[in-house]
């Protein structure tokens, strides 16, 4: 999927977080959004996901040479972030069944193998409310990385992960390079050093408000 940002700006009350962002994320590219704390990395990622509304500009999405309507975008992108909540009354199995009923599992993927590799195997009947913060983050990544969508959006994906979890994340996402459009908001190089483009959001922050 190709995503084009046209003069995008976002403000809260009277203060602009960033203005004048023009950028095209090409189909099957991997891009990192970097910048100082408060520069708006997460906000920009949320705008692309339609989790927030922009104050200025426009965003267009093109897939298979077709400009997508807002309705057609449903099911075409997936988003994972440490601050997003999971339904804690679900067990792991229930969460997987619910999510992959809404979004298809990547072709050729096997859930048993995914749980083994991600370190979640053995917790299939455990309620999510009893998961550690690291287990919850692994689950969020499983749901995003293995959803068959042309656009993958990740915000600080290695938050709360241990060394093994980080290695699993890196191995998994690098195997998907060139197969889907990937956008990662982060300042941690281990989360995005495989990306071929870096967009520094700080450069779009107004010097005077």
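Residues to consider are 39, 27; find the one that is surrounded by 20 or more Cβ atoms within 10 Å (Cβ to Cβ) and part of a loop (DSSP other than H, G, I, E, B). Steps first, please.
Working: 27 fails: surrounded by 20 or more Cβ atoms within 10 Å (Cβ to Cβ).
It is 39.
Does at least one position in region 69-79 carry a residue that is modelled with pLDDT of 95 or more, farther than 25 Å from residue 33 by Cβ and touching a helix residue (DSSP H, G or I) at 6+ places or on another chain (Cβ under 9 Å)?
no
Are there any pairs with C-beta distances below 6 angstrom linking a residue in region 127-138 that is in contact (Cβ under 8 Å) with a residue 24 or more places away in the chain and at negative phi to a residue that is surrounded by 18 or more Cβ atoms within 10 Å (Cβ to Cβ) and in a helix (DSSP H, G or I), with the two at least 6 apart or on different chains, and if so which?
So the pair list comes out as 138/118; 138/165.
Among the residues of region 60-93, how many are surrounded by fewer than 14 Cβ atoms within 10 Å (Cβ to Cβ) and within 18 Å of the chain's Cα centre (by Cα)?
Residues meeting the conditions: 6.
Can you tell me how many residues in region 187-198 are assigned to a helix (DSSP H, G or I) and in contact with a helix residue (DSSP H, G or I) (Cβ under 7 Å, 6 or more places away or on another chain)?
Looking only at that region, the number is 1.
Quick one: which residue in 143, 152 is closer than 20 Å to residue 51 by Cα and part of a helix (DSSP H, G or I)?
One residue alone meets the criteria, 143.
Given the residues 177, 96, which is the only one that is surrounded by 12 or more Cβ atoms within 10 Å (Cβ to Cβ), modelled with pLDDT of 95 or more and not in a loop (DSSP other than H, G, I, E, B)?
96
Applying the selection to region 19-33, what residues are closer than 16 Å to residue 187 by Cβ and in contact with a helix residue (DSSP H, G or I) (Cβ under 7 Å, 6 or more places away or on another chain)?
Correct list: 32, 33.
Please work out if residue 101 is within 30 Å of residue 72 (Cα to Cα), touching a strand residue (DSSP E or B) at 6+ places or on another chain (Cβ under 9 Å) and in a helix (DSSP H, G or I).
When the stated conditions are applied, residue 101 does not pass them.
Right, residue 184: in a strand (DSSP E or B), closer than 29 Å to residue 47 by Cβ and at pLDDT 95 or above or not? Before you say what the answer is, go through the steps one by one.
Working: in a strand (DSSP E or B): yes; closer than 29 Å to residue 47 by Cβ: yes; at pLDDT 95 or above: yes.
Yes.
Checking the structure you have, find out if any residue of region 19-31 is modelled with pLDDT of 95 or more and within 30 Å of residue 132 (Cβ to Cβ).
Yes: one or more hits.
May I ask you to list the residues in region 173-209 that are over 22 Å from residue 49 (Cα atoms), out of contact with any strand residue (DSSP E or B) (no Cβ under 8 Å at 6 or more places or on another chain) and in contact (Cβ under 8 Å) with a residue 24 or more places away in the chain?
Across region 173-209, the qualifying residue is only 190.
Mind listing just one residue for me: the one in region 124-167 that is touching a helix residue (DSSP H, G or I) at 6+ places or on another chain (Cβ under 8 Å) and farther than 24 Å from residue 183 by Cβ and, of those, surrounded by the fewest Cβ atoms within 10 Å (Cβ to Cβ)?
125
The values are calculated or read from the model by the stated rules, or taken from the named source; none is laboratory data. Please read these numbers as outputs of a predicted model, since none were measured by experiment. All Cβ positions, even for glycine, are placed from backbone atoms using ideal geometry, and neighbour counts span all protein chains on display.
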